[in-house]
Every structure is written in structure tokens, then in C-alpha cells.
Amino acid sequence: TWCPPCKKELPLIQSEIYEKITDPAFTLVVSGRGHTVEELQKFQEEKGYTFPMAADPDSALYDLFATQYIPRNYVIGKDGKIKWATAGFSESEFNQMVQIIRNELAN
């Protein structure tokens, strides 16, 4: 809701992932570190995001995977292994992540 790189990435998650990758084998999980369900619902309504967001008010989920830096992205393959992980945001890395998702779904 406040992180500048996240604010750049979230519209792309909506338009390039959530709206375009409709394969039933794909699941998108977006978590809001330090945010309640109510805060995330308000944020989604204000921004028009329709992808699901999971509240992480005490950062328990975030702490399982990281100690610093957001946004964090993980692509987990059908085999349950992490295929892609990033910290921060760049459009080129985002595009690479989308391609990895598509490749994983094609296999």
C-alpha cells in the first residue's frame, strides 16, 4: 500500500498476470506484509485490483521467506520447487518472471 516498487509492480500483476494467465493450474497469491484484511480490502477497492490478497498483519508469512526488501516474488513449479525468486522490482525482471510462469505451465 505504501512501497514505491510495489506500487509499480501491482498494476502489472493485475494486467499481465492475473488477467492474462488463466490456466487452472496457476495460482496467484499476493500478500500484504503488515496489513490487515480490512486495510487490503480498502486498498484493492481504491486501486481496482481484483486479484486475491492475503493479509499478513504480523509479517509471519513474509518472515518465512525473507528478512528484508520488498516486493518479493516467487514462482513455484508444478514439482513444488522454487523456479524464480526476486527482491525488488524492475520491469525486465517482471517480464522474465511472466515468461517463466508461462514456461512452467506449458510443461
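The values are calculated or read from the model by the stated rules, or taken from the named source; none is laboratory data. Fair warning: this is a prediction, and the values are worked out from it, not measured in the lab. Virtual Cβ from ideal backbone geometry, glycine too; neighbours counted across all protein chains shown. Ligands, DNA and RNA are excluded from the accessible area calculation, which covers all protein heavy atoms including side chains. Shrake-Rupley method; radii C 1.70, N 1.55, O 1.52, S 1.80 Å.
A few comments on the model shown:
- Spin-label pair Ala87/Leu64, simplified geometry with 7 Å Cα→Cβ offset, distance in nm: 1.9
- Anchor Lys83: lysines whose Cα lies under 30 Å away (excluding residues fewer than 8 positions away in-chain): Lys7, Lys8, Lys20, Lys47
- The candidates Ile70, Ile82, Ile13, arranged from most to least accessible area with a 1.4 Å probe in the full protein assembly, appear as Ile82, Ile70, Ile13.
- Taking the chain and dividing mean pair separation by its residue count, relative contact order in percent (alpha carbons under 8 Å, at least six apart): 27
- Among the chymotrypsin sites (Phe, Trp or Tyr not before Pro) in the stretch 1-96, those located in a DSSP loop and surrounded by at most 12 other Cβ atoms within 10 Å of their own Cβ are Trp2, Tyr69.
- Local net charge near Tyr62, Cβ-Cβ under 12 Å (Lys/Arg +1, Asp/Glu -1): -1
- Probing with 1.4 Å while keeping every protein chain in the model, the per residue accessible area of the chain equals 63 Å².
- Centroid-to-centroid separation of the stretch 85-103 and the stretch 45-76 [C-alpha atoms, Å]: 16
- Percent carbon-and-sulfur accessible area, the stretch 21-65, ignoring ligands, DNA and RNA, probe 1.4 Å: 53
- Selection of GluC sites (Glu not before Pro), the stretch 10-74, meeting DSSP coil and at most 15 other Cβ within 10 Å: Glu19
- Close amide H contacts of Asp56 (hydrogens built in the peptide plane, cut-off under 5 Å, sequence separation of 5 or more or a different chain): Gly32, Gly34, His35.
- Table column - 3J(HN,Hα) (Hz), the stretch 97-107, Karplus curve with 6.51, -1.76, 1.60, x for Gly and Pro: 4, 4, 5, 5, 4, 4, 5, 4, 5, 6, 7
- Within the chain, longest stretch free of exposed trypsin sites (Lys or Arg not before Pro) [DSSP loop, at most 14 other beta carbons within 10 Å]: 21-77
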